[in-house]
1. Starting from residues that are over 18 Å from residue 10 (Cβ atoms) and out of contact with any Ser or Thr (no Cβ under 9 Å at 6 or more places or on another chain), keep the ones in the stretch 23-60 and report whichever is modelled with the lowest pLDDT.
2. Looking at the stretch 116-128, can you tell me whether even one residue there is open to solvent by less than 40 Å² (accessible area, probe 1.4 Å) and farther than 14 Å from residue 77 by Cβ?
3. Collect the residues in the stretch 87-103 that are closer than 16 Å to residue 61 by Cα and assigned to a helix (DSSP H, G or I), keeping them in residue-number order.
4. Taking helices (runs of 4 or more DSSP H) that fall entirely within the stretch 141-253, which contain at least 1 residues that are modelled with pLDDT under 55 and surrounded by fewer than 19 Cβ atoms within 10 Å (Cβ to Cβ)?
5. Please go through the stretch 87-116 and pick out each residue that is of a type in the set (Val, Ile, Thr) and more than 16 Å from the chain's Cα centre (by Cα).
6. Which residue, of 48, 20, is surrounded by fewer than 15 Cβ atoms within 10 Å (Cβ to Cβ) and in contact (Cβ under 8 Å) with a residue 24 or more places away in the chain?
7. Pairs under 6 Å by beta carbon, first residue within 22 Å of residue 80 (Cβ to Cβ) in the stretch 181-193, partner at pLDDT 90 or above and among the small types (Gly, Ala, Ser), six or more apart or different chains?
8. Taking the stretch 61-99, which residues are closer than 21 Å to residue 27 by Cβ and β-branched (Val, Ile, Thr)?
Amino acid sequence: MMTTLLYDGSFDGLFTAVFEVFEYRYKDVEISSRTRFHQENIFAEIHEVITQTEKSERVLNKLEQNIGKVGIHKLLKVFLSEEPDLENLILSAVRQSISHPEENILENFADKNILQISKICKSVDRERHRMTAFVRFEKMKDGVFFSKIDPDFNVLPLIRKHFNDRYQDQKWMIYDLRRNYGIFYNLEHCEFFYPDEKPDFNKYQQKFHNEEMNYQVLWQRYFTKTNIVERKNMKLHIQHVPKRYWKYLTEKW
């Protein structure tokens, strides 16, 4: 009987599910986020995954031994690609790394899942490069440089370090319109933020190009007072990669 593991869509949740595949010795199994799950097989058994950091970290520590930080970085790109079958591609890679710890399994392109992982990584890399090359900032009246993007993949975690290293002498913000979250640099820290409500950028579109308009209204209403430090939308937060895993996001170690 097929077993479907349902998780909360988070990075920790996914690797908790991977851990439990091995813990419960499931063979005929698939992993799906709860938001994307559509039960087609009425006979499938449902296993509800409760996210546990200890379990996800045990999987990642083992993976780091077998495929290194470079390998985990590739699996992170698959996670951030938001591809429909990302969970099962990652599970396949983990299974192979456990079965063949002495091999660089992510170079085994004869395997269809590994080949698909490679293709996804290349697509995500192209989008990451496009974002670093074509992001354009507009200066707001309070001196913050603002840019909004709409990437095909969830690449904000992959471009954070690039902009943090490059623009350290000014405050800036990059906001992902599609996923409703962003990164903000305040001259000291570069952090992700998650607005409780989605800003109506269509309403404010003209204000971004009119020096006479007061951008402070947008800034105060949506970001500074309520969202950057004190409050975070945890529903969106769980879709992101926790800070302790940022070490896997850079391609230079």
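1. 40
2. Scanning the stretch 116-128, I find no residue that is open to solvent by less than 40 Å² (accessible area, probe 1.4 Å) and farther than 14 Å from residue 77 by Cβ, so the answer is no.
3. 90, 91, 93, 94, 95, 96, 97, 98, 99
4. Counting at least 1 such residues, we get 201-204, 216-219, 234-237.
5. 94, 98, 105, 114
6. 48
7. Cβ pairs passing all conditions: 193/182.
8. If the condition is that a residue be closer than 21 Å to residue 27 by Cβ and β-branched (Val, Ile, Thr), then 90, 94, 98 are the ones that fit.
The values are calculated or read from the model by the stated rules, or taken from the named source; none is laboratory data. In this text the structure is predicted, and so the values were computed from the model without any measurement. We place every Cβ from the backbone using ideal geometry, glycine too, and count neighbours over all the protein chains shown. Heavy atoms of the whole protein, side chains included, go into the accessibility calculation; ligands, DNA and RNA do not. Shrake-Rupley method; radii C 1.70, N 1.55, O 1.52, S 1.80 Å.
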